[in-house]
Amino acid sequence: MENTRPNRLELIGITKQFPGVLANDNVSFAVKPGEIHALLGENGAGKSTLVKMIYGIMQPNAGEIRWNGETVVVPNPKAARKLGIGMVFQHFSLFEALTVLENIALGMDAKIPARELEARIRDVMRTYGLLLDPHRTVATLSVGERQRIEIVRALLLNPKLLIMDEPTSVLTPQEVEQLFTVLRQLASEGCSILYISHKLHEIKALCDTATILRGGKKVDTCDPRIETSRSMAEKMIGSGLKDIVKPEGRRFGDAKLVVDTLSTRKSGHFDVPVDRVSFTVRAGEILGIAGVAGNGQNALLDALSGEIHGDDRNAITIDGRGIGHLDTTERRKQGLCAVPEERNGHAAVGDFSLAENSVLTARDRLGMVMLGLINSGAAKTYTGKVIADFAVKALGPGSTAGSLSGGNLQKYIMGREILQKPSVLVVSQPTWGVDAGAAAAIHQALVDLAAAGSAIVVISQDLDELRALCDTLAVINMGRLSAARPVKDISIEEIGLLMGGVHGGEERDAVPA
Amino acid sequence: MQFRLEKRPEPSKAMLYLTPVGAVLATALVGAIVFSLIGYNGLGAVREIFLTPLLNPLKWQDLAVKSAPLIIIAVGLSIGYRANVWNIGAEGQYVLGGLAGTGIALLTRDMSGPWILPLMIGGGVLGGMAWAVLPALLRTRLQVNEILTSLMLTYVAIQLLNYLVIGPWKDPMGFGFPQTRMFTADQMLPTIIPRTIVHLGVPIALVVAVAAWFMMSRSVFGYQVKVVGAAPDAARYGGFSVNRTIWLALLTSGALAGLAGVLEAAGPFGRMVPSFPTNYGFTAIIVAFLGRLNPLGIIFAGLAMAIAVVGGEVAQTTIKLPAAAVGIFQSMMLFFLLASDLLVRYRVRFGDRTVEARA
């Protein structure tokens, strides 16, 4: 009988204390054999900590882990793999310069002759339809293909439980569907899957059970097929959701930011430059740029912010003024502010206080410098305003940026730029790793900034975010940007095809190579 | 037994200031034990090195004179280190500063006037700066590590010094000794306290340290240096050029090392001799760290290191400690400082296997 079989994995009262934070507080749930179990929660809810304890990377301070009914201690990942636990991380650990086969061989606990390993890899790939050439160099693979390597690596060990940490954040909609097929097949063969995500529609489509975490505590274990997305989201956040308030019948002003055949040079070996990108953003308009990670988004942001700048002043214009030749400081003076994807170490300095971080980008626009000296009073006052207006959880302007959680730091960074009232704002991944409550606040601030007449460019991999937030949408693939179209006229299938590199044909072919 | 390091959420500010003191105490303690074990009077060594210079008023002027070049060089180095620019070749820049000053002194030996000394000092600053140009150029253009280039240039500088004092700059009336002629009164630093050896370089060192502290804590230049050191990507995003900062950091530290060099040449030495390189440039690296790369802290660190230097000389004569012992004490000080730094920023956790999970 089904009921008499022990649970594949059971957690009882798991508690993990970090200095200053209780990451997991008495969490208990069970995963049945062959079940696809979602672990749902905002960033910082304790999902990652919990699975790290299951996979033996960390140890709980209290509580019990049961594997097939027996209490176990998982001292390290190797022991976890031995039990039959596999994990696919959100960030891949692959050597770009090595081949698929070499990467897999490096990650194996047991030494297996290359030929035998290759045969087994091909076998796993055939069984699950994970198509991949074992001799391809990783650098030439897309993110979706790289994820397949990690999955194959995990499957080679015949796991009884596969942990997937935010697996779809880097995939196109088509790739997500392929992944789900693989996961469903695995589950039908009796492998349990612990699926970590905060994307509710995916969980509804894929999972049998969902355990929801909030602030380190278990809120509920429910059946996602019965729950609505909204009800699960509210459990996850703990309060009613706020929708983005977009004024109806918005009208756009004149062209504000015009980018004309902007290209960058290839700098690193694995770096994707932007290639003859052109677009226009009008006053009051939010342009979204979708695309799978690593298709030139970073180069595009750097080229727009001025971190990379060329000689052609008219490649980028604001209100008709050419700024393509200016550096970041000069562009900020012209009204263009930018927020790069990486918060720590790029958009902010972790070791610096928030007030010092305000000096980084706001010093000229807000008069924080006089005769080469920094007016730290002005920086503190402005930082205090950012903290108050964007509900940043920080002790004050003197807190170091590194002491803030990811979401709070992002709120601070977005606030720092938005309160400068830039006439053009370019942001990358504005809500990446930010909890839903904070994301809603950031989205609303962007909409309000646009309503006040600014032109906004949002680069994101989150299609839901782009479709909710933006007025027009373009897709970047291998450094080339598709034509921007109104969001309501473009279907998710079309976006997916563009993300995968299938362009409409004419506009790509029209450009001589 | 397994142990691992866990980053502390926020390192204690008090500990950051206490660790240099702790490092000095640990150095004294371990030094006493080690030297006792190898057959010296260990306690005596510690007493002579750390206490005698403080307790004997006759030694105070020595402390002032020895700490001045250490402070000046260390302040320059600290600015570079803040920017993650590792100038290890201050000794060479110090020598070049001395040589440039000496060159001007030799050219102006038949002249007189109050303008000569400032000219020499200016020349010394430029000389030290010039010696930092090559590492800066190589680092910014070809990504050559400045640790190697600046260090190697030190030996070039010493060879240049030897060549000059043996060859073209040798004093014709010097009985064949490899040294230049004595500087004239207009070419020497005046003493500022009568009947002592305390010269103008001492107040200059204090002014340099306070000015650098002000620059680093209040100015955009100081901010730029710190951002580049802490997060180069953030610096670029903030509109600061990393290469420009590397140039500024290396030129500043070279200029200050050169300043220290010319002050030593025109002060205690009074001429150029082969024994001019006295390791101030290397000792100042320890001083910079002991002072927490903070120019005000460096004043105290410079004094502490001067105590060890002066005390080391005392110990050589009184209890026959070998000269190398002072080097050992200095190195221990740096070691204990860096080690305790790690413990301020991280905590050590023993026993990875969590038994309490079973409770």
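The values are calculated or read from the model by the stated rules, or taken from the named source; none is laboratory data. Owing to the predicted nature of the structure, the values given are computational and were not obtained by experimental measurement. All Cβ positions, even for glycine, are placed from backbone atoms using ideal geometry, and neighbour counts span all protein chains on display.
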Residue list for the range A:74-127, restricted to those being on the phi > 0 side of the Ramachandran plot and in contact with an Asp or Glu (Cβ under 9 Å, 6 or more places away or on another chain): none
Test: residue in the range A:317-333 that is within 30 Å of A:VAL138 (Cβ to Cβ), out of contact with any Pro (no Cβ under 8 Å at 6 or more places or on another chain), of a type in the set (D, E, K, R) and buried (at least 19 other Cβ atoms within 10 Å of the Cβ): no
Those residues of the range A:102-131 which are over 19 Å from A:ASN158 (Cβ atoms) and surrounded by 15 or more Cβ atoms within 10 Å (Cβ to Cβ), in sequence order: A:GLU102, A:ASN103
Matching residues, the range A:411-420, being crowded, with 23+ Cβ neighbours inside 10 Å and farther than 18 Å from A:GLY288 by Cβ: A:LYS411, A:TYR412, A:ILE413, A:GLY415, A:ARG416
Per-region count, the range B:178-224, residues assigned to a loop (DSSP other than H, G, I, E, B) and within 14 Å of chain A (Cβ to nearest Cβ): 0
Condition check for A:ILE413: touching a strand residue (DSSP E or B) at 6+ places or on another chain (Cβ under 8 Å), without any contact (Cβ under 8 Å) to a residue 24 or more places away in the chain and within 14 Å of chain B (Cβ to nearest Cβ): no
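For (1) exposed (fewer than 14 other Cβ atoms within 10 Å of the Cβ); (2) closer than 20 Å to B:GLY302 by Cα; (3) within 13 Å of chain A (Cβ to nearest Cβ), each residue gets a yes or a no:
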{"site": "B:ARG4", "(1), (2), (3)": "yes, no, yes"}
{"site": "B:LYS7", "(1), (2), (3)": "yes, no, yes"}
{"site": "B:THR19", "(1), (2), (3)": "no, yes, no"}
{"site": "B:ALA28", "(1), (2), (3)": "no, yes, no"}
{"site": "B:ALA32", "(1), (2), (3)": "no, no, no"}
{"site": "B:SER36", "(1), (2), (3)": "no, no, no"}
{"site": "B:TYR40", "(1), (2), (3)": "no, no, no"}
Which numbered condition A:GLU234 fails, given (1) part of a loop (DSSP other than H, G, I, E, B); (2) modelled with pLDDT under 90: (1)
Some residue of the range A:421-428 being out of contact with any Lys or Arg (no Cβ under 7 Å at 6 or more places or on another chain), away from every other protein chain (no Cβ under 14 Å), among the basic types (Lys, Arg) and surrounded by fewer than 23 Cβ atoms within 10 Å (Cβ to Cβ): yes
Every residue from the range B:9-57 that is in a helix (DSSP H, G or I), among the aromatic types (Phe, Trp, Tyr) and over 21 Å from B:LEU337 (Cα atoms): none
Some residue of the range A:52-74 being within 27 Å of the chain's Cα centre (by Cα) and of a type in the set (Lys, Arg): yes
Residues of the range A:209-231 that turn out to be crowded, with 18+ Cβ neighbours inside 10 Å and part of a loop (DSSP other than H, G, I, E, B), as a count: 3
Enumeration of residues in the range B:144-159 that are in a helix (DSSP H, G or I) and either over 18 Å from B:PHE282 (Cβ atoms) or in contact with a Lys or Arg (Cβ under 8 Å, 6 or more places away or on another chain) (or both): B:GLU146, B:THR149
Filter pass, A:LEU262 being crowded, with 19+ Cβ neighbours inside 10 Å, closer than 23 Å to A:PRO486 by Cβ and within 14 Å of chain B (Cβ to nearest Cβ): no
Scan of the range B:245-260 for residues that are under 21 Å from B:ALA157 (Cα atoms) and either touching an Asp or Glu at 6+ places or on another chain (Cβ under 9 Å) or within 11 Å of chain A (Cβ to nearest Cβ) (or both), ordered by number: B:LEU250, B:ALA257
Where A:GLY41 falls short, out of the listed (1) touching a helix residue (DSSP H, G or I) at 6+ places or on another chain (Cβ under 6 Å); (2) within 13 Å of another protein chain (Cβ to nearest Cβ): (2)
Residue tally, condition under 10 Å from the mean Cα position of the chain (by Cα) and either modelled with pLDDT of 95 or more or not β-branched (Val, Ile, Thr) (or both), over the range B:276-297: 7
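Each row is one residue, and each column tells you yes or no for (1) surrounded by 24 or more Cβ atoms within 10 Å (Cβ to Cβ); (2) farther than 23 Å from B:GLY128 by Cα; (3) at pLDDT 95 or above.
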position	(1), (2), (3)
B:ALA230	no, yes, no
B:ASN243	no, no, no
B:SER253	yes, no, yes
B:GLY258	yes, no, yes
B:LEU263	yes, no, yes
Qualifying position, being buried (at least 17 other Cβ atoms within 10 Å of the Cβ) and assigned to a strand (DSSP E or B), among A:ILE203, A:ILE193: A:ILE193
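Residue-wise test of (1) more than 8 Å from every other protein chain (Cβ to nearest Cβ); (2) closer than 30 Å to A:ALA394 by Cβ.
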position: A:ILE318; (1), (2): yes, no
position: A:GLY324; (1), (2): yes, no
position: A:ARG343; (1), (2): yes, yes
position: A:ALA355; (1), (2): yes, yes
position: A:THR361; (1), (2): no, yes
position: A:GLY367; (1), (2): yes, yes
position: A:MET370; (1), (2): yes, yes
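I need a count of the residues in the range B:225-244 that are facing chain A (nearest Cβ under 7 Å), outside any helix (DSSP H, G or I) and in contact with a helix residue (DSSP H, G or I) (Cβ under 7 Å, 6 or more places away or on another chain).
So the count comes out to 2.
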Residue among B:ALA90, B:ALA132, B:ALA74 that alone is at pLDDT 95 or above, among the hydrophobic types (A, V, I, L, M, F, W, C) and over 15 Å from the mean Cα position of the chain (by Cα): B:ALA132
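For the range A:379-392, name all the residues that are of a type outside the set (D, E, K, R) and more than 13 Å from chain B (Cβ to nearest Cβ).
Residues satisfying the conditions are A:THR381, A:TYR382, A:THR383, A:GLY384, A:VAL386, A:ILE387, A:ALA388, A:PHE390, A:ALA391, A:VAL392.
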Unique match (being more than 14 Å from every other protein chain (Cβ to nearest Cβ), surrounded by fewer than 22 Cβ atoms within 10 Å (Cβ to Cβ), closer than 25 Å to A:LYS204 by Cα and of a type in the set (Phe, Trp, Tyr)) among A:PHE89, A:PHE95: A:PHE89
Number of positions in the range A:158-186 that are within 22 Å of A:VAL475 (Cβ to Cβ) and of a type in the set (S, T, N, Q): 5
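Would the range B:108-122 turn up any residue that is closer than 18 Å to B:ASN87 by Cβ, in contact with a helix residue (DSSP H, G or I) (Cβ under 9 Å, 6 or more places away or on another chain) and either in contact (Cβ under 8 Å) with a residue 60 or more places away in the chain or not basic (Lys, Arg) (or both)? Walk me through it before giving the result.
Going through the range B:108-122, the residues closer than 18 Å to B:ASN87 by Cβ turn out to be none.
Scanning the range B:108-122, I find no residue that is closer than 18 Å to B:ASN87 by Cβ, in contact with a helix residue (DSSP H, G or I) (Cβ under 9 Å, 6 or more places away or on another chain) and either in contact (Cβ under 8 Å) with a residue 60 or more places away in the chain or not basic (Lys, Arg) (or both), so the answer is no.
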Within the range A:21-116, strands (runs of 3 or more DSSP E) holding 2 or more residues that are within 23 Å of A:ILE151 (Cβ to Cβ): A:36-40, A:85-88
